[in-house]
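The structure that follows is given in the form of structure tokens.
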Amino acid sequence: MRWFVLACIGAIGVAHADETCNSPYISQLIKGQEDYVYVWTLGVEGLGDGSDKLVTIDVNPKSKRYGKVISKVSTGARAEAHHMGFTDDRRYLWAGGLSDSRIWVFDVGRNPAAPKLVRTISDLGDKSGFLGPHTYYALPGRMLVQALSNTQDKGGRTGMALYNNKGEFITSHSMPTEGGGDGYGYDLAVNPKQNVLLTSSFTGYANYMRPLGELIKDAEAMKNFGNSMVVWDLKAMKPTKVFKVPGAPLEIRWSLNPKDNWAITAAALTSKLWLVKQDAKGQWAAKEVATIGDPSKIPLPVDISITRDGKGLWVNTFMDGTTRYFDLSNPEAPKQTYEKVTGKQINMISQSWDGKRLYITSSLLANWDKGGADNEQFIRGFAWDGSELTRKFEVDFTKEKLGRAHHMKLGTKAQRATVTGG
């Protein structure tokens, strides 16, 4: 693991990414106006080709194609498309589905306006025993993949798999089941300066592939959700501490302010914000710091996006379609200062580096999305002036016969010039 030690040491001076949720190891950053949003989209039977696909939206207001679909590339399969992540050189997007162990790799460097599917990685299940790759986190020359389930019983016990950028499997790490660990996984995020990897937890295939209405009526199944977060020694890839965080803590966001030393997450089932921070003795601790909406109504916080200065946090709640903003000036006591209904159902939220633009998509999971008129499927672009969100464009994914819009990443024309040399 010598490469890992060197990579971590060399990462101390890395720059921050254009999207505030990206790995700090990613280069070729967008500091100005992004040109594209890539949307990883769930296929719907009978709608278009019915396959999962990567859809490219033009989001440069100066473009004649602003707010329009300019490219789509299908996988030829339907595997509950969910999340994706850039390689450290930002040339490729790795993406996967939760009902499968395959990973699709798209070249977004050669022609950022028209990504191309160049590789399918099919050995995750065989090599690691993991199912449902979720988070793709760039390391120097490597990709760390957090899965949600396993191939044996399709429950929540799972782990992380490490690949090189060529898609070759290196090793795997199971989520801890001792010291308070429940073996569940969801997101991961790195703090290079502190040599810390932080992971969160959700549930397994047996739960997330069931219809939501049916699942919440099954008392035994509802016990099978993660209630933990884990601190890992990044260089050694060993868990060092397990926190009890009830209610499925999902996305993890480290503050990008160089002076800060904390991360925040939202627990989906309890509607709480949790802070992970070192105490006065240098020990990591987790504590509940705020409530999101009315927990009795189960608003279901599903995605969060931290501002680059670490002083603000956007939170999307699926059930009430509401986007909320929390002031994090004091991360020990976040305060909600704004909210707006941005859809009948909403899921992912991405913001530009300057914080002036937000993008919101609608789909959570195929069997968890709402029905009838509430089953909106879209990406919506908003401008944020510090006091109000103003919608600038919308792409209706049902009308365009694309599917269910889920995860997003930002792209730029400048990437092509960097990669090809002109």
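The values are calculated or read from the model by the stated rules, or taken from the named source; none is laboratory data. All values reported here derive from a predicted model rather than from experimental measurement. Cβ coordinates were reconstructed from backbone atoms using ideal geometry, including for glycine residues, and neighbour counts include every protein chain displayed. Surface areas here come from the heavy atoms of the whole protein model, side chains and all, with no ligands, DNA or RNA. Shrake-Rupley method; radii C 1.70, N 1.55, O 1.52, S 1.80 Å.
Looking at segment 103-124, which of the residues that are open to solvent by 40 Å² or more (accessible area, probe 1.4 Å) and in contact with a strand residue (DSSP E or B) (Cβ under 6 Å, 6 or more places away or on another chain) is farthest from Arg416 (Cα to Cα)?
Going through the qualifying residues, I end up with Thr120.
Between a first residue in segment 18-45 that is in contact (Cβ under 8 Å) with a residue 12 or more places away in the chain and at positive phi and a second residue that is assigned to a loop (DSSP other than H, G, I, E, B) and of a type outside the set (Asp, Glu), which pairs have beta carbons less than 7 Å apart while being 6 or more apart in sequence or on different chains?
If the second residue must be assigned to a loop (DSSP other than H, G, I, E, B) and of a type outside the set (Asp, Glu), the pairs left are Gln28/Arg90.
Further question: Take Gly179 and decide whether it is of a type in the set (Gly, Ala, Ser), modelled with pLDDT under 95 and either open to solvent by 10 Å² or more (accessible area, probe 1.4 Å) or within 16 Å of the chain's Cα centre (by Cα) (or both).
Judged against the criteria, Gly179 is a match.
If the requirement is being over 16 Å from the mean Cα position of the chain (by Cα), in contact (Cβ under 8 Å) with a residue 12 or more places away in the chain and buried (at least 23 other Cβ atoms within 10 Å of the Cβ), which of these qualifies: Val276, Val242?
Working: Val242 fails: buried (at least 23 other Cβ atoms within 10 Å of the Cβ).
Exactly one of Val276, Val242 is over 16 Å from the mean Cα position of the chain (by Cα), in contact (Cβ under 8 Å) with a residue 12 or more places away in the chain and buried (at least 23 other Cβ atoms within 10 Å of the Cβ), namely Val276.
Would segment 309-329 turn up any residue that is crowded, with 23+ Cβ neighbours inside 10 Å, within 18 Å of the chain's Cα centre (by Cα) and assigned to a loop (DSSP other than H, G, I, E, B)?
For segment 309-329, residues crowded, with 23+ Cβ neighbours inside 10 Å, within 18 Å of the chain's Cα centre (by Cα) and assigned to a loop (DSSP other than H, G, I, E, B): present.
Let me ask you something else. Considering each residue of segment 185-239, count those that are open to solvent by 10 Å² or more (accessible area, probe 1.4 Å), closer than 27 Å to Leu139 by Cβ and without any contact (Cβ under 8 Å) to a residue 40 or more places away in the chain, and give that number.
2
Got a sec? Which of Tyr92, Tyr36 is open to solvent by 50 Å² or more (accessible area, probe 1.4 Å), modelled with pLDDT of 95 or more and either of a type in the set (Ser, Thr, Tyr) or under 17 Å from Arg357 (Cβ atoms) (or both)?
Matching residue, one of Tyr92, Tyr36: Tyr92.
What are the residues in segment 141-150 that are crowded, with 17+ Cβ neighbours inside 10 Å and out of contact with any Lys or Arg (no Cβ under 7 Å at 6 or more places or on another chain), if any?
Pass one, segment 141-150, residues crowded, with 17+ Cβ neighbours inside 10 Å: 142-150.
Listed by number, the residues that qualify are Arg142, Met143, Leu144, Val145, Gln146, Ala147, Leu148, Ser149.
Based on what the data block shows, is Ile70 over 27 Å from Val315 (Cβ atoms), aliphatic (A, V, I, L, M), modelled with pLDDT under 95 and open to solvent by 20 Å² or more (accessible area, probe 1.4 Å)?
So Ile70 does not fit the description; no.
Considering only residues that are over 16 Å from Gly204 (Cα atoms) and surrounded by 18 or more Cβ atoms within 10 Å (Cβ to Cβ), which ones fall in segment 125-139?
Tyr136, Tyr137, Ala138, Leu139
Now a separate question. Which of (1) modelled with pLDDT of 95 or more; (2) over 27 Å from Ser51 (Cα atoms); (3) of a type in the set (A, V, I, L, M) is the odd one out, the single condition Val419 does not satisfy?
(1) is the only condition that Val419 fails.
Which one of these is touching a strand residue (DSSP E or B) at 6+ places or on another chain (Cβ under 6 Å), in a strand (DSSP E or B) and among the small types (Gly, Ala, Ser): Ser363, Ser350? So that I can check it myself, show each step before the final result.
Numbers: Ser363 fails: in a strand (DSSP E or B).
Checking each option against the conditions leaves just Ser350.
Which condition does Asp354 not pass, out of (1) modelled with pLDDT under 95; (2) farther than 18 Å from Gly312 by Cβ; (3) among the charged types (D, E, K, R), if it passes all the others?
(2)
Scanning segment 358-402 for residues that are at positive phi and without any contact (Cβ under 8 Å) to a residue 24 or more places away in the chain, which turns out surrounded by the fewest Cβ atoms within 10 Å (Cβ to Cβ)?
The extreme case among them is Gly372.
Residues are listed down the side, and each one gets a yes or a no for (1) part of a loop (DSSP other than H, G, I, E, B); (2) within 27 Å of Leu250 (Cβ to Cβ); (3) free of Cβ contacts under 8 Å to residues at least 60 places away in the same chain:
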site	(1), (2), (3)
Asn60	yes, no, yes
Gly96	no, yes, yes
Val145	no, yes, yes
Lys154	yes, yes, yes
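Residues checked against (1) farther than 23 Å from Lys53 by Cα; (2) outside any loop (DSSP other than H, G, I, E, B); (3) charged (D, E, K, R):
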| residue | (1), (2), (3) |
| --- | --- |
| Gly109 | no, no, no |
| Lys127 | yes, yes, yes |
| Leu131 | no, yes, no |
| Ala206 | yes, yes, no |
| Ala219 | yes, no, no |
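Can I ask one more? Taking segment 62-87 only, how many residues are under 21 Å from the mean Cα position of the chain (by Cα), in contact (Cβ under 8 Å) with a residue 60 or more places away in the chain and in a strand (DSSP E or B)?
If we filter segment 62-87 for residues that are under 21 Å from the mean Cα position of the chain (by Cα), which is where we start, we get 72-75, 78-87.
Restricting the remaining residues to those that are in contact (Cβ under 8 Å) with a residue 60 or more places away in the chain gives 72, 80-87.
Of the ones still in play, those that are also in a strand (DSSP E or B) are 72, 81-86.
Adding up the residues that qualify gives 7.
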